[in-house]
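Working notes, structure below.
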């Protein structure tokens, strides 16, 4: 009979959906209490509550790309509907949708950054999985 070793805690599965919800709220994906961001988009080095390290996260340009994707897919059809249905003045249309686009982008950007860091934490990507042993 093969010998089974005890379960390594570093290989234990992390809760994906709770981590995403915590990231959306800009909270630590591990404990959910500590703030994830320092300032508007700067990720903290570690959680002040549970001491989970975040310095190895690699969100990079992902939040910006996702923000553009979401805002573009929401605003473009909305502009078409508003323009074809009510025919507002072009300057009015541009002013209203410019403000809406900027506001939605500013709302989504830090939340999507939190979500991407939470995905990396939950899937043990980019150093979130524990120490890497050389030769494995």
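The values are calculated or read from the model by the stated rules, or taken from the named source; none is laboratory data. What you see is a predicted model; the values in this text were computed from it and never measured. Here the Cβ is made from the backbone with ideal geometry for all residues, glycine too, and neighbour counts use every protein chain on show.
Got at least one residue in the stretch 65-72 being over 11 Å from the mean Cα position of the chain (by Cα), within 30 Å of residue 27 (Cβ to Cβ) and buried (at least 16 other Cβ atoms within 10 Å of the Cβ)?
So far as the stretch 65-72 goes, yes, one or more of its residues are over 11 Å from the mean Cα position of the chain (by Cα), within 30 Å of residue 27 (Cβ to Cβ) and buried (at least 16 other Cβ atoms within 10 Å of the Cβ).
Determine if the stretch 115-129 includes at least one residue that is exposed (fewer than 12 other Cβ atoms within 10 Å of the Cβ), at pLDDT 95 or above and under 30 Å from residue 44 (Cβ atoms).
Taking every residue of the stretch 115-129 in turn, none turns out to be exposed (fewer than 12 other Cβ atoms within 10 Å of the Cβ), at pLDDT 95 or above and under 30 Å from residue 44 (Cβ atoms).
If you go through the stretch 31-54, how many residues are surrounded by fewer than 11 Cβ atoms within 10 Å (Cβ to Cβ) and touching a residue at least 60 places away in the same chain (Cβ under 8 Å)?
Residues flagged as surrounded by fewer than 11 Cβ atoms within 10 Å (Cβ to Cβ) and touching a residue at least 60 places away in the same chain (Cβ under 8 Å) within the stretch 31-54 amount to 1.
Examine the stretch 88-109 for a residue that is touching a helix residue (DSSP H, G or I) at 6+ places or on another chain (Cβ under 8 Å) and in contact (Cβ under 8 Å) with a residue 60 or more places away in the chain, and state whether such a residue exists.
Yes: the stretch 88-109 contains one or more residues that are touching a helix residue (DSSP H, G or I) at 6+ places or on another chain (Cβ under 8 Å) and in contact (Cβ under 8 Å) with a residue 60 or more places away in the chain.
Please verify whether the stretch 99-111 includes one or more residues that are under 14 Å from the mean Cα position of the chain (by Cα), closer than 27 Å to residue 33 by Cβ and not in a helix (DSSP H, G or I).
Within the stretch 99-111, not a single residue is under 14 Å from the mean Cα position of the chain (by Cα), closer than 27 Å to residue 33 by Cβ and not in a helix (DSSP H, G or I).
Please enumerate the residues belonging to the stretch 7-30 that are farther than 24 Å from residue 105 by Cα and surrounded by fewer than 12 Cβ atoms within 10 Å (Cβ to Cβ).
Passing the criteria: 7, 8, 9, 10, 11, 12, 13.
Condition test on residue 77, is it free of Cβ contacts under 8 Å to residues at least 12 places away in the same chain and either farther than 18 Å from residue 41 by Cα or in a helix (DSSP H, G or I) (or both)?
Yes: the conditions hold for residue 77.
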